[in-house]
Amino acid sequence: MNTAKTFQTKTSSAAKHRISTKELVLTGMFAAVLAVISQISIPLPTGVPITIQIFGVALIGTVLGWRLGFLATLIYILLGAVGLPVFSNFRGGLQSLLGLTGGYIWGWLIMVVLCGIRPKTGSKLLNTILMFLLPVLGTLIDETIGGLQWAALSGDMSVLGVFSYSIVAFVPKDIILTVIAVITGTPIRKAVLRQ
């Protein structure tokens, strides 16, 4: 009797973790959205362009949640790693991940998870605060990872120089884009869940 119960519990638990066809389609669709958004960029002499990719990552996490958001972002990164021109300025290949801007791309995997966490504290106010705070924290972690790789590979800029530049050129814009993505993505998530 206990064995049958245990088997039933394990089976229902495994079924919960399976990805449905709808989730699979949404994951692929949002990986494609990130590939399109990545092409909107302004090149800079530093070699690190101004982009709105962070908006796409935050939107993916907000709409899909941390698990599917992570998967969509990972698919995008893997497509770029094998050479498809999905990174900014139609670049692809491992050199993009190992170059000046690669750290920002790797950092998205942490950021999308933080954007995708659905706070359930029992307090509506605290949930709302965390809904914005966690994505902003994810953005700052992404900026840190990206900045460290940029500084390590850049022969002419120190870590302090990179972060000073980032605080002016990237961080305020990226925080604003992250907040806009959370505001935009929340009703989209609700609409997707209703279907």
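The values are calculated or read from the model by the stated rules, or taken from the named source; none is laboratory data. Everything quoted here is computed from the prediction, not taken from an experiment. Cβ sites come from the backbone with ideal geometry, for glycine too, and all protein chains shown count toward neighbours. Accessible surface is based on the protein model in full, side chains and every heavy atom, while ligands, DNA and RNA are left aside. Shrake-Rupley method; radii C 1.70, N 1.55, O 1.52, S 1.80 Å.
Taking the Cα centre of each part, how many Å lie between segment 122-147 and segment 35-88?
Cα centroid to Cα centroid, the span is 18 Å.
Relative to the longest principal Cα axis of the chain, at what angle does helix 124-153 sit, 0 to 90 degrees, rounded to 10?
The helix 124-153 is inclined about 40 degrees to the chain.
Tell me, in nm to one decimal, what length is gained between residue 32 and residue 78 on full extension, where the rule is 0.36 nm per residue of separation less the Cα-Cα distance? The partial results should precede the final answer.
Details: separation 46, 0.36 × 46 = 16.56 nm, distance 1.24 nm.
So the chain would gain 15.3 nm between residue 32 and residue 78.
Assign one of three labels to segment 75-195, namely rounded, prolate or oblate, based on the Cα gyration tensor with a ≥ b ≥ c the square roots of its eigenvalues; rounded applies when a/c is under 1.5, prolate when it is not and a/b is larger than b/c, and oblate otherwise. Can you show the working numbers first?
Working: a/c = 2.67, a/b = 1.51, b/c = 1.77.
Judged from the Cα gyration tensor, segment 75-195 comes out oblate (a/c at least 1.5, b/c at or above a/b).
Name the long-range amide H neighbours of residue 84: under 5 Å, sequence gap of 5 or more, or other chain; modelled H, no Pro or chain starts.
For residue 84, the qualifying residues are 93.
With n ≥ 4 as the cut-off for DSSP H runs, can you work out [θ] at 222 nm for the chain, using -39500 (n - 2.57) per run divided by the number of residues, rounded to the nearest 500? Spell out each step's value before the answer.
Values: 8 runs with 147 residues, N = 195.
Calculated from helices alone, the mean residue ellipticity at 222 nm is -25500 deg cm²/dmol.
Given contacts defined as C-alpha pairs under 8 Å and at least six residues apart, what's the relative contact order of the chain, whole-number percent?
Details: 271 pairs, mean separation 43.4, N = 195.
This gives 22 percent for the chain.
Placing unit charges on C-beta atoms (Lys and Arg positive, Asp and Glu negative, everything else neutral), compute the dipole magnitude of the chain about its Cα centre in debye, rounded to 20. Write down the numbers at each step before the final one.
Numbers: 14 positive and 5 negative charges, 241 e Å.
For the chain, the charge dipole is close to 1160 debye.
How much accessible area does residue 23 have with a 1.4 Å probe, in Å² rounded to the nearest 10?
50 Å²
Go ahead and collect, in residue order, the members of segment 135-150 whose backbone nitrogen is under 18 Å from a label point 7 Å along the Cα-Cβ direction of residue 123.
Output list for this probe position: 135.
Given points 7 Å out from each Cα along the Cα-Cβ axis, report the residue 156 to residue 133 separation in nanometres with one decimal.
It works out to 4.2 nm between the two label points.
Relative to the longest principal Cα axis of the chain, at what angle does helix 159-169 sit, 0 to 90 degrees, rounded to 10?
80 degrees
Explain nothing, just compute: Karplus ³J(HN,Hα) = 6.51 cos²θ - 1.76 cosθ + 1.60, θ = phi - 60°, for every residue of segment 24-35 in order, whole Hz, x for Gly and Pro.
Values per residue, Gly and Pro as x: 5, 5, 4, 4, x, 5, 6, 5, 5, 4, 5, 5 Hz.
If you fit an axis through the alpha-carbon atoms of helix 53-81 and take the longest principal axis of the Cα set of the chain, what angle between them do you get, 0 to 90°, nearest 10?
Here the helix axis deviates by roughly 60 degrees.
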